[in-house]
Amino acid sequence: DSAEKTPLFSLLNISNALIPVFVDKLPDAGAAFSLCTFGTSNLLNSVAVRVSKDFDSTLSFNSCSFPGQPSISVRSEGTGRMSFVNCKFVGWRDTSLDLSDIIFTAVNSSFNAGSMPVRLSENSVGMLALCSASVLNDKKQEEEPIESEEPVEGEDVVEEEPKKETLFVISTENE
């Protein structure tokens, strides 16, 4: 209720919810989460933390875990500031962070997602420091038969470039 006090949520464990945390408006001082776990349900459009267009404050996440399943870990459509320190984003089918129009910082955090760990709009400004990112294997790739690497006599051998996967995307399109 006070613009001068920041609410702190610690040791919060939310599982099997469509949207565990929805942030609309906060006091100017913002809010902080420490040692929290945000798990979602198995529904396709679930998001662990959703920040509305009306958000113009500060959110801090310290040592939080975002074990995911279906969709996006943190989606922000508002302006303001967000920080992630020592956070783990694990197993998201789509994206760990999907941020637009926001200033963010991620320090010593790990991002593990299906298509791209971090997606930023053209109006987002941020810094990733001492972070790691990985893209989960696509199920289609796992189902393909493994072919022999040895050339058959009489065949031309074509050297293929290794696949390059995009880990971070900065979009200039409004989605």
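Annotations for the structure displayed:
- Taking segment 48-76 as the range and being small (G, A, S) and under 16 Å from L12 (Cβ atoms) as the test, the residues that pass are A48, S60, S63, S65, S73.
- Residue check for T79: open to solvent by 10 Å² or more (accessible area, probe 1.4 Å) and over 23 Å from N13 (Cα atoms): yes
- Looking at segment 85-147, the strands (runs of 3 or more DSSP E) lying wholly inside it that each contain 1 or more residues that are touching a strand residue (DSSP E or B) at 6+ places or on another chain (Cβ under 7 Å), modelled with pLDDT under 85 and open to solvent by 20 Å² or more (accessible area, probe 1.4 Å) sit at 88-92, 110-113, 116-120, 132-135.
- In segment 52-64, residue farthest from the chain's Cα centre (by Cα) [restricted to those that are surrounded by fewer than 20 Cβ atoms within 10 Å (Cβ to Cβ) and part of a loop (DSSP other than H, G, I, E, B)]: D54
- Some residue of segment 65-75 being open to solvent by 10 Å² or more (accessible area, probe 1.4 Å), among the aromatic types (F, W, Y) and in a strand (DSSP E or B): no
- Residue within segment 40-47 that is at pLDDT 90 or above, outside any loop (DSSP other than H, G, I, E, B) and under 21 Å from N13 (Cα atoms) present: no
- First in segment 22-41 and under 18 Å from S76 (Cα atoms) and open to solvent by 20 Å² or more (accessible area, probe 1.4 Å), second anywhere and among the aliphatic types (A, V, I, L, M) and not in a strand (DSSP E or B), Cβ under 6 Å, 6 or more apart: P27/A3; D28/A3
- Selection from segment 65-84 of residues that are modelled with pLDDT under 85, farther than 19 Å from D24 by Cβ and either among the hydrophobic types (A, V, I, L, M, F, W, C) or over 11 Å from the mean Cα position of the chain (by Cα) (or both): Q69, P70
The values are calculated or read from the model by the stated rules, or taken from the named source; none is laboratory data. Quick caveat, the model's predicted, so the values are computed rather than measured. For neighbour counting, all protein chains shown are included, and Cβ atoms are generated from backbone atoms with ideal geometry for every residue, glycine included. Note: areas computed on protein heavy atoms with side chains; ligands, DNA, RNA excluded. Shrake-Rupley method; radii C 1.70, N 1.55, O 1.52, S 1.80 Å.
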